[in-house]
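Where a number appears in this text, it was derived from the coordinates with a stated rule and is not lab data. Please read all numbers here as calculations on a predicted model, not as lab measurements. Cβ placement follows ideal geometry from the backbone for every residue including glycine, while neighbour counts extend to all protein chains displayed.
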Amino acid sequence: MLKILILGGTQEAVELAKKAANLPNIEVKLSLAGRTSQAVTSKDSRIGGFGGIAGLIEYLQAERIDLIIDATHPFAAKISHHAATAAESLGLPRLMLIRPEWELVPGDKWIEVVNIESAPETLPDLAKRVFLTIGRQELTAFSQLENIWFLMRMIEKPASDIVLPKGLLLFKQGPFDNDSEKQLLEEYKIDTVVSKNSGGSATYAKIIAARELGIKVVMIKRPMLPQGELVEDVDSVLQWIKRF
Ligand code: NAP
């Protein structure tokens, strides 16, 4: 029996966990940070941090994990670095599943920034009404922009201690389609979208809608991920697992 830890937080991780569990002689553990209350729970999953690198190493040893698949969100870089260090120190094979980035195409009006912290400083010269689609954890960075109105979309309410920018909160989970994204941008007279370069199809419609309406996009580049073997789709992970 081969025991696999899948670090999750993406749709791909859920799909992978289901498919990998159907392979012969494989036992799967799906680990989630617990960022949403509707997180999938089953006997094959666990929720919450490990307690840093030391906690992760302890977990890997206690559970006798043989392989680690890092299928976390491309912006969840800390857990990816922890996984890399822990895997190396125990000599465990590790594979990253990372969906490709969105690429600039003709018609896009992107202003690329290196991280979330540098996004707010670009806005005063560009925007009056912003569609902020960065989730709920990092909203405070935009709260000092008093002359800008924000439409903020996220899956669940932000924590009560988060200082929010001026505007409206919208609670919705993707996938989103083109027509409704276009309608939203028009209805709220949005002039600028702020997005992480998450990649994937579930949240790409807002980028297409912005392109079609000639709206600017402040695109936040991905954080640096650890070195190591990586694939871009679930089937390639299954092939990799079969090697063992
Ligand atoms: P992070 O900065 O990489 O991780 C912070 C801590 O959360 C880790 O050190 C770890 O705690 C715990 N953690 C993260 N993923 C875990 C997993 N799969 N299983 C167990 N523990 C996990 O990630 P983040 O704070 O969740 O988010 C960073 C960025 O990623 C944000 O911009 C967020 O919007 C985006 N994002 C994250 C997720 C997600 O599910 N995490 C999903 C979508 C987007 P310990 O050190 O205690 O082990």
_Please list, ordered by chain and number, the residues whose modelled amide H lies under 5 Å from the amide H of N115; skip anything fewer than 5 residues away on the same chain._
K221
*Counting only GluC sites (Glu not before Pro) that are in a DSSP loop and have at most 10 other C-beta atoms within 10 Å, tell me the longest site-free stretch of the chain.*
1-102
*Extension gain from D161 to R64, taking 0.36 nm per residue of separation minus the Cα-Cα distance*: 31.1 nm
*For the chain, what is the mean residue ellipticity at 222 nm derived from helices alone (per DSSP H run of n ≥ 4: -39500 (n - 2.57); sum divided by total residues; nearest 500 deg cm²/dmol)?*
-8000 deg cm²/dmol
*asked:* I need to check one value: relative contact order of the range 127-190, counting alpha carbon pairs closer than 8 Å and at least 6 residues apart, in percent.
replied: 35
*Just the C-alpha atoms of the range 42-177: what Rg/Rh do they give, with Rh taken as the Kirkwood radius?*
1.05
*Report, to the nearest 10°, how far helix 52-62 tilts away from the longest principal axis of the Cα atoms in the chain, using its own Cα long axis and a range of 0 to 90°.*
30
*Please give the net charge around D233, taking every other residue with its beta carbon less than 12 angstrom from that of D233, where Lys and Arg add +1 and Asp and Glu add -1.*
-2
*Taking amide H positions as placed in the peptide plane 1.01 Å from N, state which residues far from K3 in sequence (5 or more) or on other chains have amide H under 5 Å from it.*
E27, D66, L67
*Specify the angular offset, from 0 to 90 degrees and rounded to the nearest 10, of the alpha carbon long axis of helix 77-90 from the longest principal axis of the alpha carbons in the chain.*
20
_Neighbour net charge for Y188 - beta-carbon separation under 14 angstrom, K R +1, D E -1_ = +4
_Vicinal HN-Hα couplings computed from phi for the range 64-69 (Karplus, 6.51 cos²θ - 1.76 cosθ + 1.60; Hz; Gly/Pro x)_ = 6, 6, 9, 9, 10, 10
*Which FRET efficiency, nearest 0.05, do K221 and N25 yield, Cβ-Cβ r, R0 51 Å?*
0.80
*For each of S180, S80, count neighbouring Cβ atoms within 10 Å of the residue's Cβ, then give the residues from fewest to most.*
S180, S80
_Just to verify a number: FRET efficiency for E229 and K43, C-beta to C-beta distance, R0 = 25 Å, to 0.05?_
0.30
*Measure nothing fancy, just the Cα-based angle from helix 178-187's long axis to the longest principal axis of the chain, in degrees from 0 to 90, nearest 10.*
40
*asked:* Sorting check: for 195-204, 66-75, which peptide has the highest mean count of neighbouring beta carbons within 10 Å, and how do the rest follow?
replied: 66-75, 195-204
*asked:* Less than 11 Å from a label point 7 Å out along the Cα-to-Cβ axis of S201: which backbone N atoms in the range 150-177 qualify, by residue?
replied: none
_Once you keep just the Cα pairs under 8 angstrom separated by 6 or more residues, what percentage relative contact order results for the chain?_
21
*What ranking do V193, V163 get, fewest neighbouring Cβ atoms within 10 angstrom at the top?*
V163, V193
*In a shell of Cβ-Cβ distance under 15 Å around K18, excluding K18 itself, what net charge do Lys and Arg (+1) and Asp and Glu (-1) give?*
-3
